[in-house]
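**Q** Here you go, one structure.
The values are calculated or read from the model by the stated rules, or taken from the named source; none is laboratory data. Given the structure is predicted, the values throughout are model-derived calculations rather than measurements. Positions of Cβ are generated from backbone atoms using ideal geometry, with glycine treated the same way; all protein chains shown enter the neighbour counts. Remember, those area values only see protein heavy atoms, side chains included, never the ligands or the DNA or RNA. Shrake-Rupley method; radii C 1.70, N 1.55, O 1.52, S 1.80 Å.
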Amino acid sequence: MTTAPATTPQAAMRLRELVFGAACAAAVRAAARLGVADALGDTPTTVTDLAAALDTEPKPLRRLLRALTCYGIFHETGDDRFEHTEMSRLLREDAPNSLRYISLWCTEPWTWEAWPRLDEAVRSGRNVFPELFGKEFFDYLHSDGGDSAKVFDKAMTTSSRQSAADFAAYLDLTGIDSVVDIGGGQGHVLASLLEKHPALHGTLLDLPKVVGGADPRLREGGVFSARARLVPGDCRVAIPVHADLYIIKNILEWDDDSTRRTLANVVGAARPGARVVVVENLVDDSPSMRFTTAMDLMLLLNVGGAKHSKESLVRLMEEAGLDVADVRPVNPYLHAFEATVRG
C-alpha cells in the first residue's frame, strides 16, 4: 500500500488563491471601470477623499483597494491612505503603456459566461461561443456586443500601438525598400516603420472595413500617404502584393488550414529569397507563459483558434515553403520568426 505524499500548507493556500482568481480579475475590472487609478494622484490619498472623487461608498472602496494591494495593485501606506504602484499606474487611461482597456476587454461580460464552459471546449475541441450567444464571436461583437465592441477596438488599438513601437525598434531593415503588413489592422506597425525609415515604402493589407479605418497618417492627405498603399483583401484568399519584406503579426491564430492558406499565399506572391517575418505570442519558450496560455484558452472558447508553440509554427512555415533562420524575442510576450521564401 502506497501512502500519498503530504500536502504542504503552501500548496493548499496557493490553490485556494488560484480558484478565487475570478475575484482578482473582477477587482481589476471594477477599479478600471470606476477610474480609481485616474482619480489617485501622485501622493497618498485617503479612502474618504477617493470615494468622494469617485462617487462611491468609502467602506466597499476600501475593501476593493485592500484586495488589490495583495496583488501589487495600489499600496496601503497607513492612516487609511493608498498610493500608486507600478502596476496600478497602468490602469490610468493617460499612462503611456496603459492597460486599462486590455483589462476591461479580458473581463467583458461575455467572458464570465464562456469560461465556465471550458471543459466542454476541451472535450469537443470547438469554440462554445455560438452555443452561448447564437452567433460566431465577431458577428456577435459587431452586431450585439454594444459597448464591448468599443472596448475591443480600444484594447486592440492600445495593444497594437505598444507592440508596434517594440517591433519597429527590433526590426533591421537593411537592404529593404518595400514592406507589406499582412492583416495589419489599422497599420500602426507600418506607420511606425515608415516614421523610422524615411526611404521605405509600405503596403497595408486587411479586410475592407479594417483598411477603411486605417491610421490617418497612412490615408490620403496623411504624412505617410505618398509612401503608403492601402489594399483591401483577405490574406487567406490572396495576397496581391510584391515586396522585399512580408510581415505577419498576431493573425495566425485560426485553424491550421487557414494558417496554411495564408502562408501559401505569401509564398505565391513573393519572389524567391524575399524576407518573411512572422510575429506571434508563444505558449512555450516564453517568459510570459501564464499570459499567453490564458490567451490560448480564450481563443479556444471564443473563436476556436489557438496560439502556437515554436515547433508548431516552424513546422507550418517550413511546409509552406519558407526557410526559418531564427526565432528571437521582440519583447517579453512576442517572438519573431525570421524566414525567407525558398528558391
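**Q** Tally up the residues in the range 34-49 that are open to solvent by less than 30 Å² (accessible area, probe 1.4 Å) and in contact with a helix residue (DSSP H, G or I) (Cβ under 6 Å, 6 or more places away or on another chain), please.
**A** 2
**Q** Can you name every residue in the range 9-33 that is open to solvent by less than 70 Å² (accessible area, probe 1.4 Å) and among the aliphatic types (A, V, I, L, M)?
**A** Those that are open to solvent by less than 70 Å² (accessible area, probe 1.4 Å) and among the aliphatic types (A, V, I, L, M): ALA11, ALA12, ALA22, ALA23, ALA25, ALA26, ALA27, VAL28, ALA30, ALA31, ALA32.
**Q** Kindly indicate which of PHE133, PHE74 is on the phi < 0 side of the Ramachandran plot and not β-branched (Val, Ile, Thr).
**A** Answer to the check: PHE133.
**Q** For the range 108-130, name all the residues that are over 30 Å from ALA214 (Cα atoms), at pLDDT 95 or above and not basic (Lys, Arg).
**A** TRP112, GLU113, ALA114, TRP115, PRO116, LEU118, ASP119, GLU120, ALA121, VAL122, SER124, VAL128 - these are the residues of the range 108-130 that are over 30 Å from ALA214 (Cα atoms), at pLDDT 95 or above and not basic (Lys, Arg).
**Q** Still on this structure, I have one more. Considering every residue within the range 90-112, establish whether at least one is more than 25 Å from SER159 (Cα to Cα), surrounded by 19 or more Cβ atoms within 10 Å (Cβ to Cβ) and hydrophobic (A, V, I, L, M, F, W, C).
**A** no
**Q** Contact list please: Cβ distance under 7 Å, first residue in the range 65-91 and closer than 20 Å to PHE20 by Cα, second residue open to solvent by less than 40 Å² (accessible area, probe 1.4 Å) and of a type in the set (S, T, N, Q), pairs at least six apart or on different chains.
**A** GLY72/THR85; ILE73/THR85; ILE73/SER88; PHE74/THR85; PHE74/SER88
**Q** In this structure, is ALA339 part of a strand (DSSP E or B), touching a Leu at 6+ places or on another chain (Cβ under 8 Å) and among the small types (Gly, Ala, Ser)?
**A** Details: part of a strand (DSSP E or B): yes; touching a Leu at 6+ places or on another chain (Cβ under 8 Å): yes; among the small types (Gly, Ala, Ser): yes.
For ALA339, the condition - part of a strand (DSSP E or B), touching a Leu at 6+ places or on another chain (Cβ under 8 Å) and among the small types (Gly, Ala, Ser) - is met.
**Q** Hey, another quick one. Does LEU141 meet the test of being modelled with pLDDT of 95 or more and either of a type outside the set (A, V, I, L, M, F, W, C) or open to solvent by less than 20 Å² (accessible area, probe 1.4 Å) (or both)?
**A** When the stated conditions are applied, LEU141 does not pass them.
**Q** Filter the range 209-236 down to the residues that are in contact with a strand residue (DSSP E or B) (Cβ under 8 Å, 6 or more places away or on another chain) and within 19 Å of ALA269 (Cβ to Cβ) and list them by number.
**A** Those that are in contact with a strand residue (DSSP E or B) (Cβ under 8 Å, 6 or more places away or on another chain) and within 19 Å of ALA269 (Cβ to Cβ): VAL211, ALA228, ARG229, LEU230, VAL231, PRO232, GLY233, CYS235.
**Q** Hey, which of the helices (runs of 4 or more DSSP H) in the range 178-287, taking only ones fully inside, have at least 2 residues that are out of contact with any Pro (no Cβ under 7 Å at 6 or more places or on another chain) and open to solvent by less than 50 Å² (accessible area, probe 1.4 Å)?
**A** Result: 188-196, 256-269.
**Q** Of the residues in the range 35-46, how many are without any contact (Cβ under 8 Å) to a residue 24 or more places away in the chain and of a type in the set (A, V, I, L, M)?
**A** Residues that pass the stated criteria total 1.
**Q** How many residues are part of a loop (DSSP other than H, G, I, E, B), touching a helix residue (DSSP H, G or I) at 6+ places or on another chain (Cβ under 6 Å), of a type in the set (Asp, Glu) and farther than 29 Å from LEU301 by Cβ when one looks only at the range 74-111?
**A** Selection size over the range 74-111: 1.
**Q** Let me ask you something else. Of the numbered conditions (1) farther than 30 Å from ARG123 by Cα; (2) surrounded by fewer than 19 Cβ atoms within 10 Å (Cβ to Cβ); (3) touching a residue at least 60 places away in the same chain (Cβ under 8 Å); (4) in contact with a helix residue (DSSP H, G or I) (Cβ under 8 Å, 6 or more places away or on another chain), LEU297 fails exactly one; give the number of that condition.
**A** (1)
**Q** Here are some residues: GLY175, GLY146. Which one is at pLDDT below 90, on the phi > 0 side of the Ramachandran plot and open to solvent by 30 Å² or more (accessible area, probe 1.4 Å)?
**A** GLY146
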